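Contents: one structure, followed by commentary.
Rule-based calculations on the coordinates, nothing more; no lab input. Computed from a prediction, not measured in an experiment: that's the story for all the values here. Ideal geometry is used to build each Cβ from the backbone, glycine not excepted, and the neighbour counts take in all protein chains shown.
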Amino acid sequence: MKVFKITPKRIKRTNGCVLTPEMEVTVTTQQHTSDPFYNGAKEVKEAYMRLYGFDYQRACCTKGDFEFKALDK
């Protein structure tokens, strides 16, 4: 398991959803990986819905919309 801090790169408005750089999340992946988006961003989607009510899929988000940093070394 690995922990990542994920931050949107810019403001994104799509399909009535707004994503802003202030909407940071911290996610723990189920498998040891160097990319939190490896499995279709399952944990990322869940974190954004839980914390912000933001629908990652409806907003057509991709890995390129975010910056991420591993918190555990």
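Taking the condition among the β-branched types (Val, Ile, Thr), touching a Cys at 6+ places or on another chain (Cβ under 9 Å) and touching a residue at least 24 places away in the same chain (Cβ under 8 Å), does residue 28 pass? Step through it out loud before you land on a result.
Numbers: among the β-branched types (Val, Ile, Thr): yes; touching a Cys at 6+ places or on another chain (Cβ under 9 Å): no; touching a residue at least 24 places away in the same chain (Cβ under 8 Å): yes.
So residue 28 does not fit the description; no.
Pick from region 4-55 the residues that are over 12 Å from the mean Cα position of the chain (by Cα) and within 17 Å of residue 72 (Cα to Cα): which of them is surrounded by the most Cβ atoms within 10 Å (Cβ to Cβ)?
This residue is 33.
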